[in-house]
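Here, each number is a calculation from the coordinates, and none is a lab measurement. Because the structure is predicted, anything quoted here is derived from the model rather than measured. FYI the Cβ positions are ideal-geometry reconstructions off the backbone, even for glycines, and counts take in every protein chain you see.
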Amino acid sequence: MSRDFVETPESDRFGDAPHPRVTQKLFGHAAAEHELLDAYRRNRMAQAWILGGPEGVGKATLAWRLARFLLANPDPAAALVQGVADLSVPEDHPAARRIASLALADMFLLRREWNDKTKPGKHFTEIRVDDVRKAINAFHQASGTGGWRVCIVDCADDLNRSAANALLKSIEEPPARSLFLLIAHQPGRILPTIRSRCRKLMLGGLSEIEIIDAIDALGAPWSLRPAQEIKAAAARAEGSVREALRLLDGDALAFDATIAKLFERLPQIDWIGVHMLADKLTGRDNEAAYETFMRALQRHMDRRVRTLAGAGASPAQLAGFARAWDEIHALARETEVFNFDKKALALAIFDRLAGAERAIA
């Protein structure tokens with residue numbers, strides 16, 4: 001939970017891009033926005049919602065957009081609420097300004113916090129139970145004026161089991177006029193007991209044009225990249241603005257293309273190329289290259305399995321990819337937790353993928 005403007009890196013924000021709480025435009029989710037507005041106008045707003053879908057498609061932007069609207073318009077029967085077409089709130093509205101600075105007493109945020117005890121500092125890998133308890137305690141004490149109190153969890157995938165159970169207690173017995181908005185990249189990972197008490201709203205990926213429009217709306221420096229690079233990033237982004245921005249950062253787009261070519265050669269492994277790739281993943285300052293590699297891996301495996309399934313491959317034939325993914329996921333987890341050599345991980349990944357491809361042949 002945050003009360004003052006945050007100066008440390010924010011786990012729910014991509015780099016220097018504007019945080020979703022200050023993003024005014026929403027792209028591609030008019031139907032989802034109308035569903036939330038309609039529920040509010042009809043006084044049928046569920047006490048908890050899961051906003052699910054791929055990372056970077058606008059779930060957090062929609063959650064903050066709803067929060068601003070409720071805090072700016074606490075009466076669902078008001079003429080303004082009944083007459084508007086969307087959840088937009090003027091940027092200069094007091095509620096919008098206070099949310100932007102995280103200075104609103106009835107607004108709560110649960111996310112992975114910054115751990116300044118590590119050297120160098122980094123975010124915790126989970127949302128911890130103490131974070132939840134602190135936020136929920138303040139949540140129950142807020143809204144002395146009888147207005148809405150809103151808690152955004154970004155993202156619910158990061159809740160450890162103890163934290164999720166602590167959150168469940170408040171969702172089961174929420175204070176009056178309270179709202180929980182759980183952002184989830186993989187809703188299936190949320191505790192079933194939480195899922196059963198939430199209304200679900202799934203958001204799909206954006207079109208390439210919507211991604212390009214979203215990047216243009218961000219302004220400099222992102223919108224100043226060459227048009228062909230923005231178009232290429234949007235085409236590879238799998239419907240995610242965040243992924244497109246990541247690909248536009250530095251040489252990520254060119255590196256992503258190099259990775260794709262190595263994957264396309266499987267089951268043949270270009271070991272010289274793989275070793276050169278793996279060298280880029282080592283060292284303290286190569287987190288961006290590692291993320292590019294892991295994202296490209298996920299995208300490749302998803303497309304490859306879909307292509308094979310569409311071509312009539314049997315479950316038995318596809319089982320090799322499932323085994324490879326399980327092994328790769330376990331290796332990646334060990335590498336990140338224990339700070340193992342990422343070069344060794346990259347070599348192992350290509351070995352596992354090649355084995356899965358040979359099983360298909």
**Study point:** Stokes-Einstein D (µm²/s) once Rh is taken as the Kirkwood radius of the range 269-312 over alpha-carbon pairs, at 25 °C in 0.890 mPa s
**Key:** 205
**Study point:** Crossing angle, helix 342-360 versus the chain [Cα axis fit, 0-90 degrees, rounded to tens]
**Key:** 70
**Study point:** Whether the chain is rounded, prolate or oblate, judged on the alpha carbon gyration tensor where a/c under 1.5 counts as rounded
**Key:** prolate
Study note, to complete from the structure: Cα-based Rg/(2.2 N^0.38 Å) for the range 21-67, rounded to two decimals, is 1.13
Exercise for review: Based on the mean of other Cβ atoms within 10 Å per residue, sort peptides 70-78, 331-339 so the most packed one is first.
Suggested key: 70-78, 331-339
Exercise for review: Output the antiparallel fraction of DSSP beta bridges having both residues in the chain, as a percent to the nearest 5.
Suggested key: 10
Point to revise | Estimated vicinal HN-Hα couplings, Hz - the range 149-165 in sequence order (Karplus 6.51, -1.76, 1.60; Gly, Pro = x) | key: 10, 10, 10, 9, 10, 9, 10, 5, 4, 8, 5, 6, 4, 5, 5, 5, 5
Review point. Most fluctuating residue of Phe108, Phe124, Phe69 in a GNM of the chain with Cα springs under 10 Å: which is it?
Key: Phe124
Revision key, fill the gap. Placing one equal point scatterer on each C-alpha of the range 1-103 and summing with Debye, one gets log10 I(q)/I(0) at q = 0.11, 0.12 Å⁻¹ equal to -0.35, -0.41
Exercise for review: Among Ile272, Gly83, Ser170, flag the residue with its Cα farthest along the positive direction of the charge dipole of the chain, charges on Cβ as +1 for Lys/Arg and -1 for Asp/Glu.
Suggested key: Ser170
Exercise for review: Calculate the length of the line joining the C-alpha centroid of the range 203-231 to that of the range 81-107, in whole Å.
Suggested key: 25
Review point. Add -39500 (n - 2.57) for each DSSP H run of 4 or more in the chain, then divide by its residues: what number comes out at 222 nm, to the nearest 500 deg cm²/dmol?
Key: -16000 deg cm²/dmol
**Study point:** HN-Hα J in Hz across the range 21-29 - Karplus 6.51, -1.76, 1.60, θ = phi - 60°, x for Gly and Pro
**Key:** 6, 10, 7, 8, 9, 10, 10, x, 10
Check your understanding: Can you list the HN-Hα couplings for the range 172-185, worked out from phi with the Karplus curve (6.51, -1.76, 1.60; θ = phi - 60°), rounded to whole Hz and with x for Gly and Pro?
Key -> 5, 10, x, x, 4, 6, 10, 9, 10, 10, 9, 7, 9, 7
Check your understanding: Which pairs, out of Lys280/Lys343; Lys261/Lys342; Lys59/Lys134; Lys119/Lys280; Lys280/Lys342, put more than 18 Å between their alpha-carbon atoms?
Key -> Lys261/Lys342; Lys59/Lys134; Lys119/Lys280
Check your understanding: Looking at the range 52-126, which trypsin sites (Lys or Arg not before Pro) are DSSP coil and have at most 14 other C-beta atoms within 10 Å of their C-beta?
Key -> Lys117
Practice item. For the range 250-360, go through all pairs of different Cα atoms, get the mean of 1/r, take its inverse, and jot down that Kirkwood value in Å. Key: 14.4
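Taking neighbour Cβ counts within 10 Å as the exposure measure, how do Thr125, Thr307 sort from fewest upward?
Working: Thr125 13, Thr307 10.
Ascending Cβ contact count within 10 Å gives the list Thr307, Thr125.
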Check your understanding: Could you state the number of Å between the C-alpha centres of the range 5-47 and the range 269-308?
Key -> 31
